[in-house]
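Reviewing the structure listed below.
The values are calculated or read from the model by the stated rules, or taken from the named source; none is laboratory data. Not measured: the values here are computed from a predicted model. When we count neighbours, we look across all protein chains shown, and the Cβ atoms used for this are built from the backbone with ideal geometry, even at glycine.
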Amino acid sequence: MRHLCLFTLVILLAVCHQSLAGKQKREKCQYDVTRGQCDDATKKMTITKTPKEGQPESCEVKTIEKRCKGRRVKCQFQKPTITPCTDGKRTVTRQPVEGSDPACQPKTRTRNCRAQKTKCTFGPWGDFGECVEGVKTRSRPVLSGDQAKCAAKATKTKSCQN
């Protein structure tokens, strides 16, 4: 029984000693905090914590790297330039106004589009020609517009009897 009590006492002393030693290591430290700039490429910033003057020697300088969003830049743009509709697509480009922050880059978007209807203007209709294989044709000249697209509207046919 005596050995058991002595053993228990030794364990209690060891636990108390560790507890006190742990408290000495965990002193409260006060720090001056310095934040670095956010790196736009890596989206990270460095934060340095330096112990304030008069802090215990156990207080060490701490350096932390954190994620950040980068600096916010407000960009203003000129009126967009828009390309004509080609093959169902058009490009819209906006350039930054002169004197803008170098971080302001041109913006280009491709948009779907429908080609505008070709406006055709025609001259007067000619007379119907002779009946050939049961069909008579008449036409009118295309005065303006895309010749190929307007040609279908420049000719009329009708049935006839030979």
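Scanning the range 28-42 for residues that are loosely packed, with under 14 Cβ neighbours inside 10 Å and part of a loop (DSSP other than H, G, I, E, B) yields K28, Q30, Q37, D40, A41, T42. Of the residues making up the range 111-158, those that are within 30 Å of R94 (Cβ to Cβ) and polar (S, T, N, Q) are N112, Q116, T118.
Every residue, every condition in (1) over 39 Å from the mean Cα position of the chain (by Cα); (2) within 30 Å of T34 (Cα to Cα); (3) among the basic types (K, R); (4) loosely packed, with under 14 Cβ neighbours inside 10 Å, yes or no:
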| residue | (1), (2), (3), (4) |
| --- | --- |
| K79 | no, no, yes, yes |
| T108 | no, no, no, yes |
| V132 | yes, no, no, yes |
| T157 | yes, no, no, yes |
| C160 | yes, no, no, no |
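All of (1) of a type outside the set (S, T, Y); (2) surrounded by 13 or more Cβ atoms within 10 Å (Cβ to Cβ); (3) touching a strand residue (DSSP E or B) at 6+ places or on another chain (Cβ under 7 Å) hold for K66 with one exception: (2). Listed by first and then second residue, the pairs with beta-carbon distance under 9 Å, at least 6 apart or on different chains, first residue in the range 124-146 and touching a residue at least 12 places away in the same chain (Cβ under 8 Å) and aromatic (F, W, Y), second part of a loop (DSSP other than H, G, I, E, B) and surrounded by 14 or more Cβ atoms within 10 Å (Cβ to Cβ), are W125/R140; F128/C160. If the condition is being modelled with pLDDT of 95 or more and of a type in the set (D, E, K, R), then the range 91-101 contributes only R94.
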